[in-house]
Structures are given as structure tokens and as C-alpha cells.
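Every number in this text was worked out from the coordinates using simple rules, so none of it is lab data. Not measured: the values here are computed from a predicted model. Using ideal geometry, Cβ is built from the backbone for each residue, glycine included, and neighbour counts are taken over all protein chains shown.
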Amino acid sequence: MTDEHYHDPSNVVNPEHAEHHIVTPVTYSIVFVTLLIFTGLTVVAAYVDMGILNPVVALAIASIKAVIVILFFMHVKYQSKLIKMTVAAGFFTFAALITMTLSDYISRAWGLW
Amino acid sequence: MHISPVLWQFLVKWLNASALFPREASTIAPYADALYFFLLLITVVGLTVVGTLVFGFAIRYRKEKHPVATQVEGSTLLEATWTIIPLALFLICFVWGALLYFRIYNPPTNAMNIYVVGKQWMWKAEHQGGQHEINALHVPIGRPVQLTMISQDVFHSFSVPDFRIKREVIPGRYSTVWFQATTPGTYHLFCTQYCGTNHSQMIGEVTAMTPDDFQKWLQASTSGMSLAQNGERLFASMGCNACHNGTASARGPNLSGVYGSKLQLTNGSEVLVNDAYLRDAILNPSEHITAGYSPIMPTYQGQVSEDGLIDLVEYIKGLQSNYRIQQTLVTSQADQTAPTTPTGVKP
Amino acid sequence: MSATSSTIVNLPDQKTATLPKRSYLNNEDGLLSWLLTGDHKRIAILYLISITFFFFIGGAFAGLIRLELLTPQPDLVASDTYNKFFSMHGIIMVFLFLVPSVPATLGNFLMPIMIGAKDLAFPKVNLLSWYLYWVGGLFTLAALVLGGVDTGWTFTTPLSTHYLNTHVVTAAVGIFIIGFSSIFTGLNFIVTIHRMRAPGMTWFRLPLFVWSNYAASILMVLGTPVLAITLVLVALERTIGIGVFDPTKGGDPLLFQHLFWFYSHPAVYIMILPGMGVISEVISTFSRKRVFGYTAVAFSSVAIALFGFFVWAHHMFIMGVSNYSALVFSLLTMLVAVPSAIKIFNWAFTLQKGSITFETPMLYAFGFMGLFTIGGMTGVFLGALGMDIHLTETYFIVAHFHFVMVGGMLMAFLSGVHFWWPKMTGRMYPESLSKLAAVTTFIGFNLTFLPQFILGYLGMPRRYHAYPPEFQVLNVLSTAGATVLGVGYMLPLLYLGWSLKYGAIAGNNPWQATGLEWQIQSPPLTENFIEVPIVDHEAYDYEWLAHKTEQEVTTVG
Amino acid sequence: MDNVIVATHPHTHETAQPEGHAHVALPQHRHHFETQEQQREAGTFGMWLFLLTEIMFFGGLFFSYLLYRNWYYDAFVVASNQLSVPLGGTNTAVLITSGFFMALAVWAAEVKKKGLLVLTLILTMLFGCIFIGIKYDEYHEKWEKHHIPGDHFDVSEFVNPHAYGLKEEPLPPDQAQHTQIFFSLYFAMTGLHALHMLIGLGILVWLTVRAQRGDFTAGYVAPIENFALYWHFVDIVWLFLFPLLYLINRHPV
Ligand code: HEA
Ligand code: HEA
Ligand code: CUA
Ligand SMILES: [Cu+2]
């Protein structure tokens, strides 16, 4: 916040501001193909018995796909810090919900309940 | 807190007499009250500090006296002071509160067990000897009593303010609380979790009696059959003994001595057999298959009431040898009352 | 600069003074120009009227509750009816009054002006959120008219899903919709604060009112959707029996508790933070001093918002959370209490070396400080595990949350309404009558809710329609207090209405306060500023103000 | 902290614009924003905040799923195996394709190609509709098999799979009950997802009409951009739903 000593109306030196960036169809196509490949991969991986790793792999692939979509399709890679923080805040709160609640369930002395 | 015992007793006496303070009728009550007074104290101190500051400044620097304000930026030292002191006080409250919490929710091992079933809108208490009470609970003084509680429908909450205890009574799971009454008398029993229309009528009385009186009361109100005996009948009538007959070739695991033991399950986990486990194993058997057995037991969901489950659990708890199961086989055929079970003392 | 030495009120000469010819109030005429407005100030007024309406409905229920509790017997109404009373009271007061109270009225009106913007970032969304508020409100009223709900405001499962036959789904839909109204308000605020500040308005020049609304907005945006989904599940459970919260089908009713309180604990901070913002402004103005420890106060708002997300299970201590969780959540509860203490002390020290006057907003602010301290400290009682066992679900809790919500937020709200009334309407409220109201509410409040602490420790359970006779004396006191309190709340309604026509003309800056909103005409123009202000001073800079008044103050129209 | 009182601009805001940043004022520029840049960024930020609430909205469901999947794993496996991986997989690909065209639409708007914009929007819509169609088919099958939670829910297929020509191991009845929770969550999650799709499709129609009018190819791309964010978000939700719901333990021994 220190580099924000004065505000300029067009937000040029604002850390919350990022130059508008046009992503090209080439990038989009690469992303598109990658996503399809990962989709195939996740289906294949599901039929391989990896024990406990199955859901981990499935989720890892889903997360990679999600990150790719967020970065390129949703332009976050080219966005201001503020937008990046916003995205992070969402996942942070979601993680808080999950971990804090789950920690209750797994630390119960009485199994399911 | 280091108030002199005399002063403390005087204070408590005075408060007890003043109807602004609940009676201290259990061993836990003084502990709860001590924390309460500590919290009150810091509240009063905090309030006084804030009040003095606000009123002091307001009077001293009112416009008539102090027409022009002097601007002050702030002070790191002061900020630190009023961060650290409240934080320290709150942390004391936390530790103290936690200690009290575990005191209230961890029953001593020698507690006498009474079952409580809550339903819209009444309390049913079941003593080991089979004495049933509705909206009432008789307990001896000077002896720790553990309540194993369950609800048939919605959340309820079992509260005896004069004992300073309370615990949610939950559908589908046993919850426990314990207390040791100190003074004979009758005390309010409230349902404190909102449970529908007659929530405010789900009340009763806890009667604490001297051990002698309690024995007399037990004798006078016995219904003839203890919980375990009822359980034994159920065990037979539902055909449990067909599989759990304790023989080597039995299709179900041997139940003698199972209570309190560690069981190896087919899914590899190891569990401690307690009331909750037994109840769950009757209702959801296929999720609790003892290693070496096949999942053939049908579920009894919807076929046994919570009271029946309590009877069964109590029966299985008392099974210390195969002899009893074989007896049950005989009993079920002969339909006689079985010999009394040993009073269930928690292992 | 006139006025006696005991007040800072500085009104223009009433003989010559007039209201500005052009202002947001008369910029356009006709009902439709209000109902379709995009002007944040007009929407704020719409909200103000709406929440006042609901407050008095909720208050009427409070009156009925207290009337029933006058005697120990269940004599006034049947228990079902009583249960509907407190359910409707809680639902209306929380969702239709307190959550939107300061943010949607004062916040809406002032926040853009305070940061030097012409409007909120999304005026249409702002209007939409008012309409959503009303759609949700109508659903709630429908549930009320069709026969009420009796779940309590907490919708505890499986009671709400399987055991009641009242209009739970209607009410849930209502709250779901109101939730989105609140989300949109929060979203709008966050974007506006980030994107719309005037040149020179850096983060640390923002008035603290903006900071605290910012913090509350974060809670609204991140917390409310969880409530929404929970209510969807409750409605589905109730209508088709999906089993997620139903123990007989293997569902876990405690899951509902987790999800509900994941919103509803942060919600209590939604219900207090904006009020804290009001207190910062008021205390500073009437002691003519900048707020002591500006950064500490600003960051404590953010800290409350952040930590506020991690303490929800303190509402479930006896419900069967694990011991480990109980410990963690209790510890975090203690931590979240600290920033509130920091604020209280900073406000107290703001008074030091000030030049203090005691206008009505200041009286309410003093009331806030005392009552919130009591309410907050009793929250610490409840946060201490072992103590909570005895206190939970008794009148102690009822007293706790009324102290923070009514003694805290409602006092702050009234303080703010009085403080900015001249800005919103251009006219002053009658001073002595309003002081009387402030004192009446304070006395009435304490009479109503202090006895409830004692009742709670004695063990009187909440949501009880009838109670043992030995509790009667304290209950009578409480009911008596509620009557006084009711009068205390009726008074402002009357005299503020009166002042719309007969109040003294206020001028731009009756309090000689520093905020940007006081530098423009009252009531403001639709576009707020003729020229975008350029900010070259910090918030609460009274020296800047002293210089400024020597220059010409612009009144337009 | 930030105590430095900085000199402010001596000039008004209009002149403070560095050159190269001057935009032609568009009719869509709203009075209360100083610049179009500001308006655009505010819009994007607002959209992102909205998506934040959506994360938490689905978050509650995801947590419920996580919990019950751990509790009733066996039931979840069997129930999940009732879903069709080919259909689910196809739908994933369909959605990704739809998202790809949406991304292209943003590009088309940015480079002001009206025809391409309309085309890509229509393709986006088309693939969205295919997704919904397949989803409808899947729902319909569940309906016929009595796998919709509620009064008509029937577990016999799980208790006695061989009678239905399934190769699965039979589930004990108490566990079979819990398949209902799986299906509840399945319908709640995919249903809410589909609802989001339907809302999105509705907006797409409107956007396409406006695109055809040339609203977005004159420098004002915000609606397209922001809608794309929404559409991609809905895709992301599905990217997680697919493995979580369809791919539990697909390799029975
Ligand atoms: C505006 C609303 C609001 C606010 C701000 C708070 C603030 C707090 N609340 Fe409260 N609470 C409610 C509204 C609110 N609460 C409601 C509605 C319920 C009941 C819901 C229901 O069941 O229906 C509830 C219930 C509730 C419970 C659950 C009780 C139970 O169900 O068993 C708990 C438990 O921890 C709790 C704790 C706290 C704490 C620790 C704070 C803290 O944030 C308070 C911090 C403030 C201070 C601590 C005061 C300032 C301190 C000082 C000035 C320092 C004093 C000086 C020294 C110590 C030196 N609250
Ligand atoms: C913003 C929140 C808010 C506010 C402002 C209030 C205001 C008041 N509340 Fe409320 N209250 C809650 C939030 C709030 N409450 C919540 C969340 C619950 C829990 C509900 C639940 O358990 O689910 C609750 C529960 C609750 C109870 C407990 C009921 C029970 O558990 O059985 C009581 C009992 O005294 C009570 C009293 C009051 C009183 C006397 C006021 C007074 O401050 C109100 C004063 C205002 C008026 C009196 C209105 C003005 C006058 C008129 C409209 C004329 C008519 C007046 C009469 C007929 C007297 N409230
Ligand atoms: Cu049972 Cu309240
Ligand atoms: Cu809380």
C-alpha cells in the first residue's frame, strides 16, 4: 500500500490496476487441447487401481485443469494483484470451512458421530 | 482464586439465600461458580476501567473546561497494553474454562450409570435395576452418577442448573454427562434445547437423596425386571442368540466379555467396544463386521426402540462369560426370569 | 461560529437559511423516480424506511414475548403461538433489521460520499438489492401471515425439517433471498472502496466508518452464500427428504449446525462492525479529536472479520463437537474478542484532551461503549468452555446477544441516524427530546436485560413459554424495562418525523465535522460533488477543517 | 503508518490522464465513473467477488460431499458406479469446448470482429445446450430407476444387483440406505450446476442479440468479458463434479 501515495484517476500506478491484455486464440487453443487431454487422463486414471491415490490423482488433475482455466480463460494471469488476491481469498475461506469442520469430524472419539 | 475460605463460604451462603443465585448442589457447582466469579470480576474491572476513562475524560475535557482539543496521534505503548492485558485475561479464561469443561464431561470411572431417553416432550430415565421414571430422576448423594443419554427424535438438552451441568441429547448417538449431588433436595430439570411446541413443558425434577433413602426408593419402585433382564429377553425374542450363541461354530461373534475389549474389524480398523459401538453395531451391522465373520447380520433399524437398545446394550455389557449366553438359550426356551445381573460397574 | 460553550452545533441563521433548491430529494419527483432510482442516497432512504417498518414489527413481537413472560403460567397465548413469536422476532430482527441496518442505510448513503465518489460502483445492483430485500421480506411476512414459523431463528435440524408443520420453507426462501440482497450490498461496497476513491484518498485516509463497512462487507460476501446453500438443503430435506440432515437416513444434523454457524457467527460481526464505524465518527466529532490509534482501529476491524470466520463452533460446545474442536474454537473465540477491546480503549482515549460536547449522537455512543463492553465480556463467559455448559441456552445468552445487538448495534445505529440526520434531510432533530429518548432507551435497556443475566445464571432456559414461579420477579422487571424501551424507540420515530417539516435548517456542517460528507451541501446533490474532491488530508483532521472554514464553503443550487 | 501528506494534483482529474490512455467516451460509460478503465476494472472486480460468493455457495455442498463420502464410502462407490462415465466424460469435453468458444468470443469482441463474436457465442450456447441435453438424459434414467431421493427412492438394485443384471457386489441393506445420500448430493450439486448453466444460457441469448446489434464490437466488451468469467466458473465447478461424482473407485476387484 505504500506505493499508493497518490491516486491517479486512470489508475496507472495503482497496484490494483493491470494493463488490459488480450489473450490470443493460439493460447486459447493450447489451453483447450490441454484441458481435453487432462480429461482423458482423469478417466483413464480412474480405471487404474492406485489405492488411496485414486481420489488424490483425480483431484489433482481437476485442480490443474481449474488452475489453467482460471489463469488463461479467466485471464487471472494478466490481472492485477487485487484480482489474484480475490481469487485466493475465495479458496482460502473455502479451505477454512473444510479444514476446521473436518477437524471436528475426524477428532471425534466416537467414529462417525 | 485466593479468597479466604471463610469469606468464600459466607459469600456463597449469602448468595444461596438471596434467590439471585442458584443453589450449589453438586461437586462441580463450586468449580463452575469460581470461574463465574472470576469472569464477573474481570468484567467489573474492565467495565470500571472503561467507565472511568470515558467519564473521567468526558468530565475533565468537556468543552467548558477544555475549549480547544489537543491532537494526539496514538501510542504504541498503550496499544500494546490494551492488547496484551485483555489477551492474557482471556487466555486465563480459556484455560480455566477448558479445565472445567473436561471436569464436567469426563466421568470418573466408578460412576453409576443411568440411562436417559429424551423425546418430544418428556424425559425417561432408566435405572439399571429396571426402575423407570418419567420427567423425574432420583439419584443418591455422594456418589458420581453418569447419564448415558439419547434422543428418539430431535435435539434436546438435559440441564440441571443447580448442578451446573447440561448436555445435548442427540438423536442417533449416545452422549454422556456426570455429576455428584451433594445436598438432598429436589432440583429443576429443564430441556434447554428448543424442541418444538412443548419445549417449555419438557421439565422435571431431580431428587437427590441420601444413599439409604435411595436404596429404599429403588426397592419401592422396582418393576421386577432389570434392564439387563429385559435385554436378555429381547436378545432371545429377536433371535440374536441364534448366531451369537458363544459356541465355536457360531455364525456371529461371541459376545461374552466383548464390552470394553478392543475388536478387530474386517475393514482393518480396531475399535473399542462401548455403549455407542454396541448400539451402532445392532443398527448398522454391516459397517461393523468383526474380523473373521461374514456380513450376514440383518439391520435392526426401526425394529428396536431406543429403550430396547438400552436394554440390549446393558445386557451385553453384563455378559462376562459364555455361561450367561447359554443360560439365555435355556431361558428363552423356558421363559423364566434369569438370575439378576451383577450391578453394572463400568470397567 | 456561534453556539454556547457546551455545544458545537453550528447552525446557519434560521431567519435567512433555506434548504438548498436542488438536492437528491427533489431532483426528480414522483414515486416512480424513487422506486427506479439508482442514486445511493435515495436507496439508503428507501432502506431506512423499510428497516424501520420491520423493526417495529419485530419490536411488537418482542412486546408480546415480554407480555407473555410477565407471569410464570402459560396464560396469554398457546405455546405454539409463543414459539412463533420468538421465531418471527429473531428472524425479522436479525435478517430484516440488524444485518442491513447500518450498512444499507447509513453505509449506502455515506460511504460513496466519504470516499469522494459520485455513487456506488453498481447503482443498479444496489437498487436490485433493495428489491431483493423486499421480496425476501414479503416471503417472511407471508410465512407470518399464513401462520408463522416456529423454528427459532436458528432452524435447528431435524426439528425444522421433520417435526414442525409450519411455514419453514417459505421463511427459508425469504431468508435465502434477503441473503442475496446482503451479498450484493457487500459486493458493491468492496468494489466501490477499492475502485472509486477520489484522488488522494489513500487507504489510510479513509474514515474508519469506511474501514468497518469494508470489513463487514467481506463477511457478507464470503459468509452469506454458505447460509444460502444451507437453507436450500433444509428446504430440500423438508420437501423431498434428501436425508443429508436426517439421522434416520444416516445424515448428520450436526452438519447443519456447522454450516449454519459458519455464516451466523460471522453474521454477528456483520451486525456489529458497521456500528463500530459509526462510533468512531461520532466520538471523534464530538471530542474534536482524531481517533486515537487510527491504524489500530482500522486493522482491528479487519482482524475481527478475519478471525470471525474461525470461531463458529462456539455455538456448538455442548452439541457434541469433538473435545479437540471445542478447545480450538474456544481459544480462537478468546482471540477474536481482543480486537473489540482494542477498539473500546482507543475510543476511550480519543476523548482524552478533547473538547467534548454531549449531543444526542454522543450520548448514544456512550451508551454503546458501556453496553457493548458488558455484552462483549459476557460473550467471553460463553466462550469459556466450562462456563458455557451452564450458561448456554439460558437467558444469559439472550441477555448477551441483546447487549451486543441492541445495546451495541442498535445504539450505534440510532447514534448514526441522529448524527447524519441533518445531512440526510437538511434539518435538525429536536435536541432535548432526543436526549430524553437516548436516556430512556439506556435506562429501559438495562432494566430489560440486566435481570436476564441473573435469570440465566439461575438457569432459566430460553425459548420457554412458561417458567417456574421463582423467576417471576426478575421477569417482571424485564417486562417493565421493555415497556420503557419501547417508549424510547417510539420517541425518535415521532420527533424525527416531526423534524422533517419543522426541524431547524441544519446547514452544511452543523457539527463542524471533518468528513467529506460534511463539506457538501445538506441534503446533498444527486451527484454528491460538483467537482471530484482532491483529498490532501487525513481523516479527522480538524486543523485542515479550521483552515477550510475560512475559505468559502460551496452551496449549490 | 501512511502519515505522509502528499501533494495532490494541481490540475483536475481529466488532465491527469497520461497520454495513450485517453479513450473515446462510449455511450456505455456511466456518469459516476471517472474513466472507462475504472468502470471496466470495477466490473471485473465485481464479477470476481460474485464468483467468490459462488465458491462458498458450492463450498457448503462440497463439504457435505466430502463428509459423507468418507462416512459411507462403500455406498458411494456403488452409487457412483451407477453413473455413466461415457456420458459424464462427454459432457466434460462438451463443457470445455463451450468454454473454449466463450474464450474465443472474448477475443472476438476485443478485436472487434462482430461476425466471429456472434458465431462463437452461438457455438458456446450450442455446446451448453448439448450439455443440458445429456444431463437431462441422465436424470431421466435416474428417474426410471427410482434413484431420485425421496419417497420413491428404491435401494433394491443395490441390495440385489444380480437380479438387475449388474455385476456389483450386493450391499447390505443398512449400507444401501446410504446410497440415497449420494444421490441427494449428486442431484443437489449437478442440479445447482445445471441451474447455473440454464441461467447462463438465458444471458447468452440476450448477449447474442446485443452482439448482433454490434453493442460489443465498438470497444465496450465488459459484458462479454464478465459473462465469460461466469461461464468459466460454471465449467470449473463441473471439472470437480465429474471426478468426484462419476469416478469413485471405478476398478472393482
Ligand atoms: C452483534 C452481535 C454479536 C457480537 C458482536 C457478539 C460478540 C461475541 N460473542 Fe456472541 N452471540 C450473538 C451475537 C453477538 N455476539 C448471538 C445472536 C448469539 C446467540 C445465537 C443464538 O443461539 O440464538 C451469540 C452467542 C454467543 C456464543 C454461544 C453461546 C452458546 O450458544 O452456548 C458465544 C460463545 O462463545 C459468544 C461469544 C461471543 C464473543 C466472545 C464475542 C466477542 O466478539 C466480544 C468481544 C468484545 C469484548 C470482549 C468487549 C470489549 C472488551 C473490553 C472493553 C475489555 C474489558 C477489559 C478487560 C478485560 C481488562 N456469543
Ligand atoms: C436486532 C436484534 C434484536 C432486537 C433489536 C431485539 C429487541 C428486543 N428483544 Fe429480542 N431477540 C433477538 C434479537 C433482537 N431482539 C433474537 C435473535 C432472539 C432469539 C430468537 C430465537 O430464540 O430464535 C431474541 C429473543 C428474545 C427473547 C427471548 C425469547 C425466548 O427465548 O423465549 C426476549 C425475551 O425477553 C427478547 C426481548 C427483546 C426485547 C424486549 C427487545 C426490545 O429491544 C424491543 C423494543 C422495541 C419495541 C418494544 C418496539 C417498539 C414499540 C412498539 C412497536 C409498540 C408495541 C409495543 C408493545 C406491545 C410493548 N428477545
Ligand atoms: Cu426437549 Cu426442549
Ligand atoms: Cu458466535
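Using square roots of five times the C-alpha gyration tensor eigenvalues, list the equivalent-ellipsoid semi-axes of the stretch C:227-285 in whole Å, biggest first.
38, 10, 5
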**Report entry** chain B, relative contact order in percent, only Cα pairs under 8 angstrom and at least six apart counted
**Finding:** 15
Query - For the stretch D:31-109, the spread of Cα positions along each principal axis, largest first, Å - result: 59, 28, 13
Query raised in the report: Cα-based count: Lys pairs in chain B below 18 Å, eight or more positions apart or different chains?
Result: 5
Query raised in the report: Would you list D:TRP231, B:TRP217 from fewest to most Cβ contacts within 10 Å?
Result: B:TRP217, D:TRP231
Query - Dipole of chain C, positive end: most advanced residue of C:PHE260, C:MET196, C:VAL302 [Cβ charges, Cα centre] - result: C:MET196
Query - 14 Å tail of the calculated P(r), the stretch B:113-178, as % of Cα pairs - result: 55
Query raised in the report: Cross-link partners among lysines for A:LYS84, C-alpha distance below 19 Å, same-chain residues fewer than 8 apart left out?
Result: A:LYS65
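Provide, as a two-decimal number, the C-alpha radius of gyration of chain D over 2.2 N^0.38 Å, N being how many residues it has. Intermediate values should be presented prior to the final figure.
Working: Rg = 24.3 Å, N = 253, 2.2 N^0.38 = 18.0 Å.
That ratio works out to 1.35.
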Query raised in the report: How are the Cα pair distances of chain C distributed, in percent, across 10 Å bins from 0?
Result: 4, 18, 29, 27, 14, 6, 1, 0
**Report entry** Residues of type lysines that C:LYS118 reaches as a straight line, Cα spacing below 21 Å, ignoring anything fewer than 8 places off in the same chain
**Finding:** C:LYS21, C:LYS41, C:LYS423
Query - Computed [θ] at 222 nm, deg cm²/dmol, the protein assembly as shown (DSSP H ≥ 4; -39,500 (n - 2.57); rounded to nearest 500) - result: -19000 deg cm²/dmol
Report summary line: With the charge dipole of the stretch D:35-247 built from beta-carbon charges (+1 for Lys and Arg, -1 for Asp and Glu) about the Cα centre, the Cα from D:MET189, D:LEU104, D:LEU126 projecting farthest to the positive end belongs to D:LEU104
Query raised in the report: How many percent of DSSP beta bridges within the protein assembly as shown run antiparallel, rounded to 5?
Result: 70
Query raised in the report: Considering every pair of different Cα atoms, what Kirkwood radius, in Å, is found for the stretch C:270-401?
Result: 15.9
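Can you pull the semi-axes for the protein assembly as shown, root of five times each eigenvalue of the Cα gyration tensor, sorted largest first, whole Å? Present the calculation step by step, with values, prior to reporting the outcome.
Details: eigenvalues 601, 371, 112 Å².
That gives 55, 43, 24 Å for the three semi-axes.
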Report task. Mind grabbing the base-10 log of I(q)/I(0) for the stretch B:215-277 at q = 0.20, 0.28 Å⁻¹? Debye formula, identical points on the C-alpha positions, no solvent, two decimal places. Result -> -0.94, -1.20
Query raised in the report: Could you list log10 I(q)/I(0) for the stretch D:129-200 at q = 0.14, 0.21, 0.25, 0.26 Å⁻¹, which the Debye formula gives when each Cα is one point scatterer?
Result: -0.51, -0.93, -1.13, -1.18
Requested in this report: Kindly express, to the nearest 10 degrees and within the range 0 to 90, the angle between helix B:322-334's C-alpha long axis and the longest C-alpha principal axis of chain B.
Outcome: 60
Query raised in the report: Per residue, what volume in Å³ does the convex hull of the Cα atoms of the stretch C:187-274 enclose?
Result: 88
Report summary line: The size of the Cβ-based charge dipole (Lys, Arg +1; Asp, Glu -1) of the protein assembly as shown about the Cα centre, to the nearest 20 debye, is 1220
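Hey, which of these cross-link pairs are over 26 Å Cα-Cα: C:LYS501/C:LYS548; C:LYS15/C:LYS501; C:LYS289/C:LYS343; C:LYS124/C:LYS548?
With Cα atoms farther than 26 Å apart: C:LYS501/C:LYS548; C:LYS124/C:LYS548.
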Requested in this report: Please get the size of the charge dipole for chain D, origin at its Cα centre, with Cβ charges of +1 on Lys and Arg and -1 on Asp and Glu, quoted in debye to the nearest 20.
Outcome: 600
Query - Paired Rg and Dmax values of the stretch C:496-537, which use every Cα atom, in angstrom - result: 12.6, 39
Report summary line: Computed over the stretch C:49-128, the relative contact order (Cα-Cα under 8 Å, seq sep at least six) in percent reads 33
Report summary line: The rounded separation in angstrom of the Cα centers of the stretch C:52-107 and the stretch B:37-108 is 32
**Report entry** Size of chain B as Cα extents on the principal axes (Å, biggest first)
**Finding:** 98, 49, 41
Report summary line: Once the dipole of chain C is set up from charges on Cβ (+1 Lys and Arg, -1 Asp and Glu), the residue from the list C:VAL321, C:LEU69, C:LEU96 lying farthest towards its positive end is C:LEU96
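With contacts defined as alpha carbon pairs under 8 Å and 6 or more residues apart, what's the relative contact order of chain D in percent? Spell out each step's value before the answer.
Details: 222 pairs, mean separation 75.5, N = 253.
Reported relative contact order: 30 percent.
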Query raised in the report: When the Karplus curve 6.51 cos²θ - 1.76 cosθ + 1.60 is applied with θ = phi - 60°, which whole-Hz ³J(HN,Hα) does each residue of the stretch D:223-229 get, with x for Gly and Pro?
Result: x, 5, 4, 5, 5, 4, 4
Report task. Sort out for me the Cα centre separation of the stretch C:337-396 from the stretch B:206-272, rounded to whole Å. Result -> 53
Query raised in the report: Per 10 Å bin, what percent of the C-alpha pairs of the stretch D:82-163 does each bin hold, from zero upward?
Result: 18, 31, 22, 16, 10, 4, 0
Query raised in the report: Fewest first, what order do C:ARG205, C:ARG22, B:ARG279, A:ARG108 take by the number of other Cβ atoms within 10 Å?
Result: C:ARG22, A:ARG108, B:ARG279, C:ARG205
Report summary line: If every Lys and Arg gets +1 and every Asp and Glu gets -1 at its Cβ, then about the Cα centre chain B yields a dipole, in debye to the nearest 20, of 660
